[in-house]
Structures are given as structure tokens and as C-alpha cells.
1. What's the exposure ranking of Met180, Met166, going from fewest to most Cβ atoms within 10 Å?
2. So what's the back-of-envelope 222 nm ellipticity for the chain, counting only DSSP H runs of four-plus at -39500 (n - 2.57) apiece and dividing by all residues, rounded to 500?
3. Take Lys169, project a point 7 Å from its Cα along the Cβ direction, then tell me which residues of the range 191-217 have their backbone nitrogen under 20 Å from it.
4. Once label points are set 7 Å from the Cα along Cα→Cβ at both Thr97 and Gln62, what is their separation, rounded to one decimal in nm?
5. Among the aspartates and glutamates, which have Cα under 18 Å from the Cα of Lys155 when same-chain residues fewer than 8 positions away are ignored?
6. Would you kindly state how much longer the chain becomes between Asn41 and His77 on full extension, computed as 0.36 nm times their sequence separation minus their alpha carbon distance, in nm to one decimal?
7. Cross-link partners among aspartates and glutamates for Lys54, C-alpha distance below 14 Å, same-chain residues fewer than 8 apart left out?
8. How would Leu27, Leu96 line up from fewest to most surrounding beta-carbon atoms within 10 angstrom?
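We did not get these values from a lab; they are worked out from the coordinates using the rules stated. What you are looking at is a predicted structure, and each value in this text was computed from that prediction instead of being measured. When we count neighbours, we look across all protein chains shown, and the Cβ atoms used for this are built from the backbone with ideal geometry, even at glycine.
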Amino acid sequence: MSSEFILETRNLTKEFKGFVAVDNVNLKVRRGSIHALIGPNGAGKTTCFNLLTKFHAPTSGQILFEGIDITGEAPAHIARRGVIRSFQISAVFPHLTVLENVRVALQRRLGTSFHFWRSERSLERLDARAIELLRAVDLDDYVLLPAVELAYGRKRALEIATTLAMDPKLMLLDEPTQGMGLEDVDRIRRLIKKVAADRTVLMVEHNMSVVASIADTITVLQRGATLAEGPYEQVSKNPDVIEAYMGSAQVELQGAH
């Protein structure tokens, strides 16, 4: 695999009791890009993410990361390589402060990830980096606030900060703007663009205006298979893609120019 691509799948397939959820998908994610995975409900997008992070084992096919076949590796090994995922539902510790959430994610660097009984003083050296990450996601004014008190959009920003704390080479973002109002959507869109400046992002996203404004490449899935791929201007005019989206989704697709 060329070093141009950080991630590649070759004929990636997943069957569940005879149902083909992912069907011979060949992804090539260019290093340093934002790559969006879109498609109607049930198209196989989240299953694809689950295969890449080994929540599911593929039925057949290969996954290569930085030219290395990682198909048979455990989820923890893949995470250690720098493939870090965020989920559709915000996954933060609600009763820890914003700062403490990021500090927990940074503990891996100390080799004390599971030593929750360690003195808090041993973690203070992480504060400067934690605050730097919170500043990057515009949360530096909320460091002492319990995460449960953050507005929904800011909780998602905190999740991105904790993902960044794991020092990802490839960030997998699963529906980062789901359930948000326009103001929060715009904040997260700008945030993704900002953090993608020096890393690679692969995202599943339903909001076509977000995809249109930040994605370098879009892969459209339908019934588990690749329907189209390319930049937004090309994909949005593809008759097969327009037909697949139909109705309100079609209006979204056309209205996101």
C-alpha cells in the first residue's frame, strides 16, 4: 500500500446469519484527509466502523493500516496503533470534571491507565496538556465544571478532546453532529476541520451540509456495498446516489451545495 493512504480495506465483508451487512467494500483513506462515509439507514456504515475497530470480526477481506495487515488484531492493539473511535452517544464520565475527563484519557502516557487509586498529585503533570486540548476544542472556560452539566454539543466537543488525548493517527467519528441544533452543528463542524489539520479523520455523518463543507472524499454505501465515491460535487450529482437517498434525504443532498 502506498504511504499516501493511511487505511485501506480490501473486499471487506461481514455476514450475520446469511445477511450481508458489508459487501466487498474497498476503502482507501488518504493520509491527512477528512473522509466521510454516508448512506441511507441500514447501508452498513456503523458495521464498517465496527469492523475497522474489531468490535466485529470480518467474514472475509483485509484491513490494512499504514501498510500493515491488522485484520486479525485485537481492538486494544488497533487502538495502540493510533486508530481511535468516538461513538454516536457521548461517552464521557458525567460526574468527573471536564479537566478530569481529559486527564483520564491522558493517563495512558504515564502507564497508569488502570491505577485509579494513584494519588491525584501523580496526575497533576497532565494538567497542562489537558488544558491545551480543552483550549483546542473551546472548552478551556469549563475545566472545573462536572461533565454532566455541559450542554450536549459541548459534551461532544469534550469527547473529541478525550479522543485527541489518545494521540490518534486516525480518528473515527461516528455521527458527531447527531441530535444537535444548528449552532452546535456549526461548532462541531469547525472543530472537526480544526483537529483534522494534522491528522486523518474518517467519519460517519448524516448531515449533508457538514459533509459538503469539510469532507475531501465521500464514500456512499447502499445495502453494504459501495455505491459511489469521490468529492462532494461529483457524488451529489450521481443519479444512483440521488435515487438511493430519495425524499427528504434527497432534498438534503441537493440543498447542501
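1. Listing Met180, Met166 from fewest to most nearby Cβ atoms yields Met166, Met180.
2. On the way: 9 runs with 90 residues, N = 257.
Using -39500 (n - 2.57) per qualifying helix, the result is -10500 deg cm²/dmol.
3. Backbone N within reach: 195-203.
4. Each label point is offset 7 Å from its Cα along the Cβ direction, giving 4.9 nm.
5. Here the aspartates and glutamates satisfying the reach criterion relative to Lys155 are Glu100, Glu132, Asp138, Asp140, Asp141, Asp174, Glu175, Glu183, Asp184, Asp186, Glu205.
6. Details: separation 36, 0.36 × 36 = 12.96 nm, distance 3.01 nm.
That works out to 10.0 nm of additional length.
7. Straight-distance partners of Lys54: Asp69, Glu73.
8. Values: Leu27 21, Leu96 15.
Exposure proxy ranking, most exposed first: Leu96, Leu27.
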